[in-house]
Amino acid sequence: MHRFKSDARFFARNMEKQMPSTAEKRATFRALHEDGFFIIPNAWDGGSTKRLTDLGFRAIASTSAGAAWAAGKNDGELSRDEVLAHLRLLVAATDLPINADFENGFADAPDQVAANVALAIDTGVAGISIEDWSGSAMYDTGLAVERLAAARAAIDAVDPSVMLIGRNENFRVPGMTPDESIERAVAYAEAGADCLFVPFILDHGAVAELVAAVAPKPVNVVVWNYDDGIAPLAALGVRRCSLGGSLAGIVWKAFDEAARTVKACEP
C-alpha cells in the first residue's frame, strides 16, 4: 500500500511538471499568431475540450452558443459568473491555450468591461474576445473603440501576454457592408486588439481586404464548410479559422435524431 501511495505521488508530481504554466500557454498562444495558419476549434464542455486536445489541435476557443446550449439556455443567456466558471472548466480540462468568447464583456460601459476582463484573465485563459454587440444593438464605433481600449488597459495591467481579440458582429445588422466592418476592424486594431475577427465576412475578396487593412495583425475567420472552405482562407493570409458553435450544433443535432429514434420505439 505504501508503495502504491508513493507511486501515485510520483505520478502526480510528474503530471504537474508536464502541464505547462499559464504563462507558457499564453506565450504559446501568442506565438501561434505570429506566422502560418492554424485551426482553433470551439469546445463547449470538459469532454469536448479533452477530445479536441487529444486530436492534436494547438489551441481551443470557447463558444458562447455551445456553452449556453449545454446549460439548457440560448446563446447570450449565460451570466458573467456562469461564463467565468465555464472558462475555468475548459482551462482545467486541457494543457492547450484557451481563447475566451467573452461576448460583449458583460457590460456596456468601458470601465465595467475592464473590470470584467480582469476577472476573465484570472481564469487562466490565453485570449479574450470582446464583441461590439450589446445584446440588442451594435455599439457605435466610438464607444466600441473605447470599450476595447479599456479591455486592453485591463489586460496590460495584469498580464500583457494575454491576447485581445476585437470582434465585429456584422451579421447582426442587416445591410452592414464589408467595408464598414473592415473600417471597424482597423479602428479596433488601433485601439489595442491583437487579432481581428469579423465572423461572416466570407467573400474571398473582402477577406483579402480585411487581412491587408489590419496587417500585420492577424485575422480570424469562422468557417462552416469544413471540406473545402478552409485552405483558400489560409492562402489569403488568414491566420486562424474558428468553428463557432458549429461543432456543438452537429453534436446536438445527432443527439436529437438519436433520441427521436429511441422515442419512436416506445410502445
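The values are calculated or read from the model by the stated rules, or taken from the named source; none is laboratory data. Here the structure is a predicted model, which is why all the values come from computation and not from measurement. Methodologically, a virtual Cβ is constructed for each residue, glycine included, from the backbone with ideal geometry; neighbour enumeration extends over all protein chains shown. To get the accessible areas, we keep the full protein, side chains included, count just its heavy atoms, and leave off ligands, DNA and RNA. Shrake-Rupley method; radii C 1.70, N 1.55, O 1.52, S 1.80 Å.
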Query - Cα-based equivalent ellipsoid of the chain: semi-axis lengths in Å, sorted from largest, via gyration tensor - result: 30, 24, 19
Query raised in the report: For region 131-223, what class follows from the C-alpha gyration tensor (a ≥ b ≥ c being the square roots of its eigenvalues): rounded when a/c is under 1.5, otherwise prolate if a/b is larger than b/c, else oblate?
Result: oblate
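Which value, in Å², gives the accessible area per residue of region 73-147 when a 1.4 Å probe is used on the protein heavy atoms?
Numbers: 2840 Å² over 75 residues.
Result: 38 Å² per residue.
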Query - Most mobile listed residue (Ile250, Ile121, Ile39) in the chain, GNM with C-alpha springs under 10 Å - result: Ile250
Query - Gained length - Ala27 relative to Trp224, 0.36 nm times residue gap less alpha-carbon distance - result: 68.1 nm
Query raised in the report: Put a dot 7 Å past each Cα toward the Cβ at Ala259 and Asp122; how far apart are the dots in nm?
Result: 3.5 nm
Query raised in the report: Could you give the dipole magnitude of region 117-267 about its Cα centre, charging the beta-carbon of Lys and Arg +1 and that of Asp and Glu -1, in debye to the nearest 20?
Result: 280 debye
Report summary line: Spelling it out for His33: with amide H atoms placed in the peptide plane at 1.01 Å from N, the residues 5 or more places away or on another chain with amide H under 5 Å from its amide H are none
Query raised in the report: With a ≥ b ≥ c the root eigenvalues of the C-alpha gyration tensor of region 25-159, is it rounded (a/c under 1.5), prolate (a/b larger than b/c) or oblate?
Result: oblate
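Dipole of region 113-169, Cα-centred, from +1 at each Lys and Arg C-beta and -1 at each Asp and Glu C-beta, to the nearest 20 debye?
Dipole of region 113-169, to the nearest 20 debye: 40 debye.
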Query raised in the report: Using only helices, what value at 222 nm comes out for the chain when you add -39,500 (n - 2.57) per DSSP H run of length 4 or more and divide by the total residues, to the nearest 500 deg cm²/dmol?
Result: -16000 deg cm²/dmol
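Which longest run of the chain has no exposed loop site in it, a site being GluC sites (Glu not before Pro) in a DSSP loop with at most 15 other beta carbons within 10 Å, and the site itself not part of the run? Numbers along the way, then the final one.
Working: sites that count: Glu34, Glu77.
Longest stretch, sites excluded: 78-267.
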Requested in this report: Have a look at Leu55, Leu164, Leu236 and tell me which one the Gaussian network model of the chain (Cα, springs below 10 Å) gives the largest fluctuation.
Outcome: Leu55
Requested in this report: With label points built 7 Å along Cα→Cβ from the Cα atoms of Arg58 and Leu202, find their separation and express it in nm.
Outcome: 2.5 nm
Requested in this report: Rank Ala264, Phe106, Gly175 by how far each Cα sits towards the positive end of the charge dipole of the chain (+1 on Lys, Arg Cβ; -1 on Asp, Glu Cβ) and give me just the farthest.
Outcome: Ala264
Report summary line: With a 1.4 angstrom probe the carbon and sulfur portion of accessible area for the chain, in percent, totals 58 percent
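Over region 177-267, give the accessible area per residue in Å² for a 1.4 Å probe, as an integer. Could the numbers behind the result be given before it?
Values: 4600 Å² over 91 residues.
On a per-residue basis, 51 Å².
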